[in-house]
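Written out below as structure tokens is the structure these notes cover.
The values are calculated or read from the model by the stated rules, or taken from the named source; none is laboratory data. These numbers come from a predicted model, not from an experiment. Counting neighbours? That spans all protein chains shown, and the Cβs are built from the backbone with ideal geometry, glycine included.
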Amino acid sequence: MFKTRITELFNIKYPIIAGGMHLLSRAELVAAVSNAGGLGILASTTFETKEELRQEIQKTQSLTDKPFGVNLNLFPMMRPRSVDEDIDIFINEGVEIVESSGASPEPYVPRLKETGVKIIHKVPAVRFARKAESVGVDAIAVVGFECAGHPGMDDVPSLILVPLTADAVKIPVIAGGGFCDARSFVAALALGADGVVMGTRFVATYECIAHPKVKEWLVKAKETETVLIDRSIGLPMRVIKNKPAEKAHEMDKRGASLEELLPVISGELGRKAWIEGDIDAGVVSLGMTVGRIHEIVSVKEVIQGIIEEAKSICECLNSTLFT
Ligand SMILES: Cc1cc2nc3c(=O)[nH]c(=O)nc-3n(C[C@H](O)[C@H](O)[C@H](O)COP(=O)(O)O)c2cc1C
């Protein structure tokens, strides 16, 4: 069921990917997604030392014998080590799939491909998808305005971006930003995608290490309760509304610099919110799908639920539209 170019490329059962999530995509969540038939993606820059990253990759390998990937974070950031050092670890630990995002992966593609690593590059615009295809990545994940993380500067929603990208490139396309259930999964396939990448939906699962208070906040939030910040520094990020988010949004409108924004948006404060449940401590990236997610469930329930209901939707559409 739901075999696509993505299930073939990555040798997975269902074309459902849990995108890498800084702080949250650790071994338990990643393995749970892969064990349920999807593709889990481990975070990398979350781990301060090389040894911690190595151990988390090994832990994931011990929890699943199914394929999983690791996120290669190319965003401008205070990184614990160089991109090349991360790639050394991936190669030495036998990582087979990399999800890159944040800048062109061009400098790193030859080395990854030489060792047989498959690359998904995540982009927020068609022009970046074309560029990534031209430098040899294996699949494109395209994320619309609705997404958690970084939706880019163009403010184009997934309903527009996904079909445009599917038409623009020949390699498989994964739709991200606003996908969280069977209805949006079927829609993604109808738009020309070969699968979906979801972040926000997987935060509200038992296996995610986010603090229970953050998960409760997520499932109660409405679709209007996220906001974009950091546009003034050229790197918009969607976050759920809390005191620091509203402050950063206001500062953004005044064109605040990175130095001005840092005391409000720092990763350390975000960590306090995510992990300690101090929900007004820092900014918390979540997508507009918060308004469509009402339950904390297991990863297996998310994936199995999507697949079973998607099948019913397709059958129902078939029988009601073609009788
Ligand atoms: C808490 C959180 C952290 C994220 N961190 C990253 C990251 O470090 N790198 C990345 O490429 N994407 C990151 N993302 C984006 C997701 O991988 C995914 O592309 C996005 O969540 C899809 O949109 P959705 O939230 O509407 O499902 C993050 C998302 C969330 C919710």
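Looking only at the stretch 25-43, filter to residues that are surrounded by 23 or more Cβ atoms within 10 Å (Cβ to Cβ) and either modelled with pLDDT under 95 or within 8 Å of the ligand (Cβ to nearest atom) (or both); which one of those is farthest from Cys208 (Cα to Cα)? Checked the stretch 25-43; the qualifying residue farthest from Cys208 (Cα to Cα) is Ile41. Among the residues of the stretch 11-36, those identified as in contact with a Gly (Cβ under 8 Å, 6 or more places away or on another chain) and in a helix (DSSP H, G or I) are Leu29, Val30, Ala31, Ala32, Val33, Ser34. Return yes or no: is Ala18 under 26 Å from Leu286 (Cα atoms), surrounded by 23 or more Cβ atoms within 10 Å (Cβ to Cβ) and more than 16 Å from the ligand (Cβ to nearest atom)? No, not satisfied. Has the stretch 138-159 got at least one residue that is of a type in the set (A, V, I, L, M, F, W, C), within 15 Å of the ligand (Cβ to nearest atom), over 20 Å from Thr289 (Cβ atoms) and in contact with a helix residue (DSSP H, G or I) (Cβ under 9 Å, 6 or more places away or on another chain)? Among the residues of the stretch 138-159, at least one is of a type in the set (A, V, I, L, M, F, W, C), within 15 Å of the ligand (Cβ to nearest atom), over 20 Å from Thr289 (Cβ atoms) and in contact with a helix residue (DSSP H, G or I) (Cβ under 9 Å, 6 or more places away or on another chain), which makes the answer yes. When the stretch 61-86 is limited to residues that are in a helix (DSSP H, G or I) and away from the ligand (no atom under 16 Å from the Cβ), the one that is nearest to Ile120 (Cα to Cα) turns out to be Asp84.
Scanning the stretch 278-323 for residues that are basic (Lys, Arg) and over 19 Å from Ile209 (Cβ atoms), we see that the one that is surrounded by the fewest Cβ atoms within 10 Å (Cβ to Cβ) is Lys311.
With respect to the conditions (1) assigned to a helix (DSSP H, G or I); (2) within 15 Å of the ligand (Cβ to nearest atom), Ile120 lacks only one, and its number is (1). Residues of the stretch 96-117 that are among the β-branched types (Val, Ile, Thr) and assigned to a helix (DSSP H, G or I): Val109 alone.
Within the stretch 47-58, is even one residue surrounded by fewer than 18 Cβ atoms within 10 Å (Cβ to Cβ), among the acidic types (Asp, Glu), under 26 Å from Lys13 (Cα atoms) and free of Cβ contacts under 8 Å to residues at least 12 places away in the same chain?
Taking the stretch 47-58 first, the residues surrounded by fewer than 18 Cβ atoms within 10 Å (Cβ to Cβ) are 48-52, 54-55, 58.
Checking the rest, the ones that are also among the acidic types (Asp, Glu) come to 48, 51-52.
Those still in the list that are under 26 Å from Lys13 (Cα atoms) too: none.
No, the stretch 47-58 contains no residue that is surrounded by fewer than 18 Cβ atoms within 10 Å (Cβ to Cβ), among the acidic types (Asp, Glu), under 26 Å from Lys13 (Cα atoms) and free of Cβ contacts under 8 Å to residues at least 12 places away in the same chain.
Within the stretch 109-118, the only residue that satisfies the criterion of being touching an Asp or Glu at 6+ places or on another chain (Cβ under 8 Å) and surrounded by 22 or more Cβ atoms within 10 Å (Cβ to Cβ) is Val117.
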